[in-house]
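For reference, the structure is listed below as structure tokens.
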Amino acid sequence: MTETDDLVDLVVSTDELDSALIERSIRAVRDWIGVAIRGATGDTGDVLRAYAMASPADGSAMTFDGTTAGPERACLLNGAFGHTLDFDDTFSAFPLHPTTVVTPAALSAGELADADGEAFLRAYAVGVEVLHRVGKSVFPTQYGRGFHSTAAVGPIGAAATAAVVLDLDEDELRNAIGIAASSAGGLRKNFGTTTKPLHAGFAASAGLRAALLAREGATAHENALGGESGYGKAMAGEAFDPSELVGDELSGVADIALKLFASAHITHGSMEALRRLREREGLTPESVALMTATMHPGGREVLIHSDPTDALEAKFSIEFCLAAVLRSGRAGLEEFTDEYVTAPETRDAMGTVDTVYDEAAVEGLGRYGGRVTVETTDGETFEAAAAAPGSPDNPASESRLRGKFDSCVAPTSVDAEPLAAAIEGLAEGGSVSDVFDAL
């Protein structure tokens, strides 16, 4: 079998999901939909709506044959809305945001196919698994070369997701994977800008487009993932590990980490450690002389804004993230505003932060764990360590996750209760249209 055949076999052989996998999938989808609804109301949401109005995809733009397609645009917008706040989930093993890529593809394809909840959830789980396997096969080399995994792997997972909902045959699926592989891209250089959330939208839209094209007969190389000029070698060279594409167990959904802070995941262990210290020792900005955050060396590639000037840059700044926790005891959507970032109290607290990258010092805490040492103005020293909250190593309670969902939806016109019921009902005979009806 070829590398592409390994993925095709995974997709076509995945039939029924066990109850634990269904429960985890529902929880992740609910979490993401809440984040996406809130993300649509912010400044980046305004930019996306303005773009959609200036470049409509509803039939008003002329084409040579007079036709247009709306689902791809919905994918792009929904994927970007869901990643705008950087409050959406990631994998625990490596930095890739799965749900904001595959869910928009499953929803748009589900609308086209009038899909039921069973098909949606199977497509979601399959898409996440494809992202997990392909992502691991090229990580960390692909990431180290400057690619954002969500964008550079995302189209392949989204294509597999849409293929399940659209019921593509094996040849069509193989072509969809190949088409999607040619849509891979996305640069980490753009972290802290509007382009970063667009990576998720581009990936979701490209995956759906690949599946729709394949359904209509578009072709790709039968093994676009393998070989000297295939996706794996192009993205990771000799470090490409095709063995990651093989296996019977679905482990992708189980590796999802749900975020409880609205920032880059690498900051979360340190933020949780400081939150505990603040609560335990009664720390205040006035009482702290120095905060030292120790993290996995992968943070160097992500935390590129040590002196952020706005809320987007602040999501990739450990200095801001710890300052926010010290000031407010949290770092949620209320803290990630331009006004909060530039406030004198925040800038003063940021000036007390030092960073150490030492993998051995956070061993056992997961890639996104952190250790924080605080020196007070009275000469005392306190230390705490934590895995990222919401990760497989430090699971979040249902009440904390439901609280996040409710708080995201609350400022909008959406009623959280019927929406949550519709999402949870996907596992009990509900449909994709039920979810949209609840919006």
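Exceedance of the 19 Å cut-off in Cα-Cα distance is limited, within the set Lys136/Lys259; Lys189/Lys259; Lys189/Lys404; Lys259/Lys315; Lys259/Lys404, to Lys136/Lys259; Lys189/Lys259; Lys189/Lys404. Counting protein heavy atoms only, the chain has 48 percent of its accessible area on carbon and sulfur, 1.4 angstrom probe.
Taking the Cα centre of region 161-280 as reference, the dipole from Cβ charges on Lys and Arg (+1) and Asp and Glu (-1) amounts to some 1200 debye. The alpha carbons of the chain stretch over 71, 49, 43 Å along the principal axes, in descending order. Looking only at region 375-395, which residues have a backbone nitrogen under 20 Å from a spot 7 Å from the Cα of Arg280 in the C-beta direction? So the set is 375-391, 393-395.
Relative contact order, whole percent, for region 184-321 stands at 26, derived from Cα pairs under 8 Å and 6 or more residues apart. What is the angle, in °, between the Cα long axis of helix 3-13 and the longest principal axis of the Cα atoms in the chain? Nearest 10 is fine, range 0 to 90. Relative to the chain, helix 3-13 is tipped by roughly 80 degrees.
Compared with the dominant Cα axis of the chain, that is its longest principal axis, helix 19-39 is turned about 70°.
Normalised by the number of residues in the chain, the mean separation of alpha-carbon contacts (under 8 Å, six or more apart) gives a relative contact order of 20 percent. Given +1 at the Cβ of Lys and Arg, -1 at the Cβ of Asp and Glu and no other charges, the dipole of the chain around its Cα centre is 1000 debye to the nearest 20.
Each 5 Å bin, from zero up to the one with the longest distance, holds this percent of the alpha carbon pairs of region 195-252: 4, 14, 14, 16, 26, 22, 4, 0. Residues of region 175-213 with amide nitrogen under 19 Å from the 7 Å Cα-to-Cβ point of Arg300? It comes to 188-191, nothing else. Computed about the Cα centre, the dipole magnitude for region 67-197 is approximately 900 debye when only Lys and Arg (+1) and Asp and Glu (-1) carry charge, each at its Cβ.
With contacts taken as Cα pairs under 8 Å at a separation of at least 6 residues, region 114-241 carries a relative contact order of 31 percent. Spin-label model, Tyr51 to Glu334: label points 7 Å out along the Cα-to-beta-carbon direction sit 3.1 nm apart.
Compared with the dominant principal axis of the Cα atoms in the chain, helix 195-215 is inclined by about 20°. The GNM of the chain, with springs linking C-alpha atoms under 10 angstrom apart, assigns the highest mean-square fluctuation among Pro95, Pro389, Pro285 to Pro285.
Only one residue of Trp32, Ser19, Pro95 has its Cα farthest out toward the positive end of the dipole of the chain, where Lys and Arg carry +1 and Asp and Glu -1 on Cβ, and that residue is Pro95. Of all the options Arg133, Arg49, Arg209, the one that moves most in a Gaussian network model of the chain with Cα springs shorter than 10 angstrom is Arg49.
Looking at the chain, the accessible area is 39 square angstrom per residue; that uses a 1.4 Å probe and ignores ligands, DNA and RNA.
The values are calculated or read from the model by the stated rules, or taken from the named source; none is laboratory data. Predicted model, so just to flag it, every value in this text is computed and none were measured. Reconstructed Cβ throughout: ideal geometry from the backbone, glycine too, with neighbour counts over all protein chains shown. Side chains included, ligands, DNA and RNA excluded: accessible areas come from the protein's heavy atoms. Shrake-Rupley method; radii C 1.70, N 1.55, O 1.52, S 1.80 Å.
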